[in-house]
1. Yes or no: A:D328 of a type in the set (D, E, K, R), crowded, with 19+ Cβ neighbours inside 10 Å, more than 10 Å from ligand 1 (Cβ to nearest atom) and without any contact (Cβ under 8 Å) to a residue 24 or more places away in the chain?
2. Please tell me if A:T247 is polar (S, T, N, Q), over 26 Å from the mean Cα position of the chain (by Cα) and open to solvent by less than 20 Å² (accessible area, probe 1.4 Å).
3. Which residues, counting only those in region A:74-99, are within 30 Å of A:R8 (Cβ to Cβ) and of a type in the set (V, I, T)?
4. Has region B:203-214 got at least one residue that is surrounded by fewer than 21 Cβ atoms within 10 Å (Cβ to Cβ), out of contact with any Pro (no Cβ under 6 Å at 6 or more places or on another chain) and away from every other protein chain (no Cβ under 14 Å)?
5. Check whether at least one residue in region A:223-246 is assigned to a helix (DSSP H, G or I) and away from ligand 2 (no atom under 16 Å from the Cβ), and report yes or no.
6. Which of the strands (runs of 3 or more DSSP E) found entirely inside region B:54-152 contain at least 1 residues meeting this: at pLDDT 95 or above and over 27 Å from B:K196 (Cβ atoms)?
7. With respect to A:F276, determine if the residue is within 16 Å of ligand 2 (Cβ to nearest atom), more than 9 Å from chain B (Cβ to nearest Cβ), under 24 Å from the mean Cα position of the chain (by Cα) and surrounded by 18 or more Cβ atoms within 10 Å (Cβ to Cβ).
Amino acid sequence: MAKKILKRSDLTKLVASVGKAGGAFVAPKAVANGLVEYVFIKKADEIEFDYIVPGKSFKEANFPQTEVVARFKNDPEGVTVEGVELNPPRVVIFGARPCDAKSSESLNSVFTWDFIDEFYTKREDAMVTITVACTTGDNACFCTSVGIKPDDTDGSDLLLRETEGGDFTVEAVTDKGKAFIKEEKAVFTEGKATPKERTIFEPRKLDVDLEKIGEYLKDTDHYEGDLWADMARKCIGCGSCTYACPTCHCFDITDEGGFSETERRKNWDSCQFDFFTLHASGHNPRDRQYKRWRNRFMCKFNIYPGKFKTKGCVGCGRCVRVCPVRLDITEVMEEISGA
Amino acid sequence: MKNLYLPELVTIEDITNEAPDVVTFRLVFKDEALKESFEFKTGQFGLYSALGLGESTFCIASPDTRKGYIECTFRKSGRVTGALAAMSVGDTMGFRGPYGNAFPIEDWKGKNLVFIAGGIGLPPVRSVIWSCLDKREDFGDITIVYGSRAVADLVYKEELAHWEERDDINLVQTVDPGGETPEWKGKVGFVPTIVKETAPKADNTIAVICGPPIMIKFTLSALEELGFSDEAVYTTLENKMKCGVGKCGRCNVGDIYVCKEGPVYTAAEVKLMYNDF
Ligand code: SF4
Ligand code: SF4
Ligand code: FES
């Protein structure tokens, strides 16, 4: 049977139809010279098709950089507390990459182990992830080295592959994806034959062994030693790598506003900042930058796979691209794999 | 929608000034039903908010055997604790919890107990002490070693006087050399030294310690010398926390999330942790 097709020219219809049903449409857009980001779009002609991965992942759709969780009012009658009731509209993510799609599993694993953070789950439930398999990439991409393929379906509701003609073949991955095709059947058409698909990108393969890295990190003695200080000497603690990372889940909780009316917010935070773990007493368990960098590595290759049973690193390469001092995590991965 | 970050409102029913900049609040839930149903286990903690300014993490310092209220003891040190300390009886604040694991005191039936605390490390231990004292017949000998830098810094002074009077508790109080006053009747010396001097017997005994990291370190070796096994020594870890529910990612010691898997650990467990304190 021939695969279903989504014509590029039908995206106009799709964007309009999703909007008409009250949903939002997120897609890559060239927001500045050379910078592509996932943003809410209103019209299909805003969509950028020539991108590797957008600057930030689409995690902002299910884990916004800042979000109100409660509101307080302080007046002479007393204090009132009101929790935010989330009722997110459908959000269609178009043009996700398999690495980012996979990262939803990671975020989900943190936000649902034992306690369930409904600010995350409600948004995720309302999301339809339409991934476009990668036909382009760069030297920072390394998904195949962490067990993901540039046309993997994990975490996607639909997987699209570009055809030579610029349209997309459609693979329904989840029930949610199937239902979406049914709802939007006007744009998911069926031809007689499947058109020729473009070749999938082949990222560079690192000389890494995730199991070996995992074993290395399991040994608490390996937390000591000069390796970390040596490897992370350059790090200036800017936090860019963690903000760009699709699996980073850390946040701060702050009350913002005046004393009479305040919002309690969840705001992205980063383990690369010195204040992150600073105790009220003045003691800081991670008082040096290399200790903070070590924590990030530990988080990605021990805590995520060990505790949460998901991937801490999806190989999107963002941290490698954004680091102002070119501290390349893949070099540390290779070093430890060879240790 | 279930909102993990929404605090419950509590009223400050009583305030005790314990030491310079250290206060104890007695808190009662505004919601009558919650006031009745609220339960926790000794060792658990909560997030207390000065609504509009933010949250701070403290242990629940009252025993789990007393219903209808909770207490917390904290030192005024930052924006939130400063705002809390400025509040008065009758004021409203926020509470989220209880979170974390607890001291397994049910498993300690029939055993002798040694409580060791330094300075502001007494509040979590005090919760355990009273939880055990309220079931006094379940336990053997009870020894408490408590020390602080100076006499003025000792917290729960009234309770210390009460424990001193009871003949079913052996209370040993100490202050660091130089911290004594002319009236001071207790010991002078650092907590680990006084623990060694007091020499509680290790046989069939559980020890609970809490205090500054340096005190814990040396007390652990003192207990080891006295023959305590690492499995019989409990402590509660402190770390910076924001969510309390395993999401915000900042309380981990290596691969351990203190807010979820702790804060109570045996010395044996602590020794297996990454050097990330
Ligand atoms: S601990 Fe650091 S590396 Fe891990 S999720 Fe949080 S910010 Fe990212
Ligand atoms: S982006 Fe580079 S310099 Fe900035 S915190 Fe990450 S590793 Fe350090
Ligand atoms: S306090 Fe947020 S993860 Fe532990």
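The values are calculated or read from the model by the stated rules, or taken from the named source; none is laboratory data. Here the structure is a predicted model, which is why all the values come from computation and not from measurement. Here Cβ is always computed from backbone atoms with ideal geometry, including for glycine, and neighbour counts include all displayed protein chains. These area figures cover heavy atoms from the full protein model, side chains too; ligands, DNA and RNA do not enter into them. Shrake-Rupley method; radii C 1.70, N 1.55, O 1.52, S 1.80 Å.
1. no
2. Numbers: polar (S, T, N, Q): yes; over 26 Å from the mean Cα position of the chain (by Cα): no; open to solvent by less than 20 Å² (accessible area, probe 1.4 Å): yes.
No.
3. Passing the criteria: A:V91, A:V92, A:I93.
4. Pass one, region B:203-214, residues surrounded by fewer than 21 Cβ atoms within 10 Å (Cβ to Cβ): B:203-204, B:212-214.
This time we only want the ones that are out of contact with any Pro (no Cβ under 6 Å at 6 or more places or on another chain), so: B:203-204, B:212-214.
Retained after the next criterion (residues that are away from every other protein chain (no Cβ under 14 Å)): B:203-204.
So far as region B:203-214 goes, yes, one or more of its residues are surrounded by fewer than 21 Cβ atoms within 10 Å (Cβ to Cβ), out of contact with any Pro (no Cβ under 6 Å at 6 or more places or on another chain) and away from every other protein chain (no Cβ under 14 Å).
5. yes
6. B:54-59, B:70-75, B:92-99
7. Judged against the criteria, A:F276 is not a match.
Residues are listed down the side, and each one gets a yes or a no for (1) among the basic types (K, R); (2) farther than 27 Å from A:T242 by Cα:
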site: A:A2; (1), (2): no, yes
site: A:K7; (1), (2): yes, yes
site: A:K20; (1), (2): yes, yes
site: A:A24; (1), (2): no, no
site: A:E46; (1), (2): no, yes
site: A:T66; (1), (2): no, no
site: A:N74; (1), (2): no, yes
